[in-house]
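What follows is calculated from the coordinates using simple rules that are stated; it is not laboratory data. All values reported here derive from a predicted model rather than from experimental measurement. Heads up, the Cβs are rebuilt from the backbone with ideal geometry, glycines too, and the neighbour counts pull from every protein chain shown.
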Amino acid sequence: MKYLIKLISINILFISFSISAAEHEVKMLNMGTDGTMVFEPAVLKVNKGDTIHFKATDMMHNSESITGMIPAGAENWSGAMSADVSITLNTEGVYVYKCTPHTMMAMVGVIQVGNASNIDTVKAAASTLKNSFVVNKERLTQYLSQL
């Protein structure tokens with residue numbers, strides 16, 4: 001009987017977690033509300049365990065996490081060019097990602113998962129990354145200010 005109660009409790013916990021995890025879509029675009037070469041939405045606030053689906057709405061884009069701009073212990077990702085990629089974020093903190101061929105155009109995005117525990121590290125790295133932008137030099141600063 002104790003085994004049955006324990007099994008039921010585990011199943012209820014699993015179902016509760018599955019129900020609470022949400023899914024979000026981010027489009028990779030040549031043109032969006034923030035201008036050219038953007039992710040839309042560019043800033044997301046999500047919960048631990050949520051899944052982000054990056055959609056190759058326009059071709060020749062990808063989504064790739066930026067080393068040093070994700071929480072410690074979080075997994076990096078690198079989507080293929082012109083292909084959808086989905087990631088589940090299980091570590092709290094701020095994640096900054098880019099479109100590899102359009103980084104110099106500041107095609108970047110920001111996701112906050114739960115508490116923004118690594119925001120100071122991300123902001124310090126952002127000042128260095130901005131030096132590689134040819135246009136839209138304040139885009140990342142504006143995105144981070146929305147957290």
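Here the Gaussian network model covers the chain, with springs between Cα atoms less than 10 Å apart; of Met60, Met107, Met69, Met60 fluctuates the most. If I model a spin label at Thr51 and Thr141 as a point 7 Å from the Cα along the Cα→Cβ vector, what separation in nanometres do I get? Going from the Thr51 label point to the Thr141 one covers 3.8 nm.
In degrees, nearest 10, range 0 to 90: what is the angle between the Cα axis of helix 2-20 and the longest Cα principal axis of the chain? On a 0 to 90 degree scale, this one is about 20.
Exactly which GluC sites (Glu not before Pro) in the range 18-104 are in a DSSP loop and have at most 13 other Cβ atoms within 10 Å?
Details: sites: Glu23, Glu25, Glu64, Glu75, Glu92; in loops: Glu75, Glu92.
Of the GluC sites (Glu not before Pro), the ones in loops of the range 18-104 whose Cβ has at most 13 other Cβ atoms within 10 Å are Glu75.
Against the longest alpha carbon principal axis of the chain, how many degrees, from 0 to 90 and to the nearest 10, is the axis of helix 119-130 turned? Around 30 degrees separate the two axes.
If the viscosity is 1.306 mPa s and the temperature 10 °C, what translational diffusion coefficient in µm²/s does Stokes-Einstein give for the range 21-144 when Rh comes from Kirkwood over Cα pairs? Kindly include the intermediate steps, with their values, before the conclusion.
Numbers: Rh = 14.1 Å.
Estimated diffusion coefficient is 112 µm²/s.
Based on C-alpha pairs under 8 angstrom that are at least 6 apart in sequence, the chain has a relative contact order of 21 percent.
Out of the trypsin sites (Lys or Arg not before Pro) in the range 94-140, which ones are loop residues according to DSSP with at most 15 other C-beta atoms within 10 Å? Before the final figure, lay out each step's value.
Numbers: sites: Lys98, Lys123, Lys130, Lys137, Arg139; in loops: Lys137.
Passing sites in the range 94-140 are Lys137.
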